[in-house]
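Everything below concerns the one structure shown next.
The values are calculated or read from the model by the stated rules, or taken from the named source; none is laboratory data. None of these values were measured; they are calculated from a predicted model. Note that each Cβ is placed from the backbone with ideal geometry, even for glycine, and that neighbours are counted across all protein chains shown.
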Amino acid sequence: MRSASASLLSVTGLSVHLGGRALVTGVELSVEHGQMLGLIGPNGAGKSTVVKAIAQLLPYAGAMHLEGARLSRLAARERGRKLAYLSQEDQVQWPITVAELVALGRYPHRSGWGGAPGAGDRAAIEAAMHAADVWTLRGRRADQLSGGERARARLARVLAVQAPLVLADEPVAALDPRHQLEVMALLRGHCEDGGGAIVVLHDLTLASRFCDRLLLVDQGQPVAAGPVDHVLVPGNLRAVYGIDAVTGMHRGQRYIVPWSLEQGGAHQPDRNTSANAHAKPSH
């Protein structure tokens, strides 16, 4: 994991108001080179709003800097080379092939928006399709794929950009367990190669295993931020999600299993005892 003297991304005082309603207020975060930040919280907490604002898709108040430059002042093509966004929406609007969809990720790198892809573009497109396990689907129409296949094809488009910062909004939502692990490993690998990522997740075990830091939001406001062990504590899980969870360690990594609805704030010790804290799942 590579360190850097300046943050890859820094966000201060982020607020988003739409239709006279505050969707997000007071969010601050930073992502270093080599780091994955997990953005977690219940449905409607404002996670997607934060990511869309960073992607410059929503009006916002606050300051954002990407590799030291004011993000809002970057030209569209420069921003497109430095920031790749995977949205939560899963629709492909045109009858194009998977290879053509993935190739869209290289447009910011071409000499003109309509320029033909060069050798470097073709290599990046092919590598992204192999990485996302859609190489065998490259000739298929993207709008005729299954949900999981389409999700991987859209991820391949993001990987083809080769941007330092990846924003991924629920990238594993439509995937089976194998491909969930593969996608998280790909994003983790991007960070270990010196990039950074903000990943919106609902799966707390994936968040705890793959992320370096977490930002927990609720009702549009930050609740907790920092290392995984400081954020995914029983009090936060009860206060934000209203659940009790079983936690433990397996092969040196934490897992968290939502177990029951929290009952009146009363802690039930058998679900988080010291014995359970180090229990290994049966195989």
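Residues in segment 129-152 that are of a type outside the set (D, E, K, R) and modelled with pLDDT of 95 or more: Met129, His130, Val134, Trp135, Thr136, Leu137, Gly139.
Hey, does segment 179-202 have a residue that's part of a helix (DSSP H, G or I), over 14 Å from the mean Cα position of the chain (by Cα), over 19 Å from Gln35 (Cβ atoms) and free of Cβ contacts under 8 Å to residues at least 12 places away in the same chain? For segment 179-202, residues part of a helix (DSSP H, G or I), over 14 Å from the mean Cα position of the chain (by Cα), over 19 Å from Gln35 (Cβ atoms) and free of Cβ contacts under 8 Å to residues at least 12 places away in the same chain: absent.
Does segment 90-98 include one or more residues that are part of a helix (DSSP H, G or I) and either hydroxyl-bearing (Ser, Thr, Tyr) or at pLDDT 90 or above (or both)? Yes - at least one qualifying residue is present in segment 90-98.
Summed over segment 167-208, the residues that are among the β-branched types (Val, Ile, Thr) and in contact with a His (Cβ under 6 Å, 6 or more places away or on another chain) give a count of 0.
Taken over segment 166-178, the residue count meeting the criterion of being in a loop (DSSP other than H, G, I, E, B) and over 16 Å from Ser48 (Cα atoms) is 3.
For segment 32-70, the set of residues classified as without any contact (Cβ under 8 Å) to a residue 60 or more places away in the chain, among the aliphatic types (A, V, I, L, M) and out of contact with any Ser or Thr (no Cβ under 6 Å at 6 or more places or on another chain) consists of Ala53, Leu57, Leu58, Met64, Ala69, listed by residue number.
Given the criteria within 18 Å of the chain's Cα centre (by Cα), surrounded by fewer than 20 Cβ atoms within 10 Å (Cβ to Cβ) and outside any loop (DSSP other than H, G, I, E, B), does Gly44 qualify? No; evaluated as a whole, the condition is false for this residue.
If the condition is being surrounded by 13 or more Cβ atoms within 10 Å (Cβ to Cβ) and free of Cβ contacts under 8 Å to residues at least 24 places away in the same chain, then segment 94-120 contributes Arg110, Pro117, Gly118.
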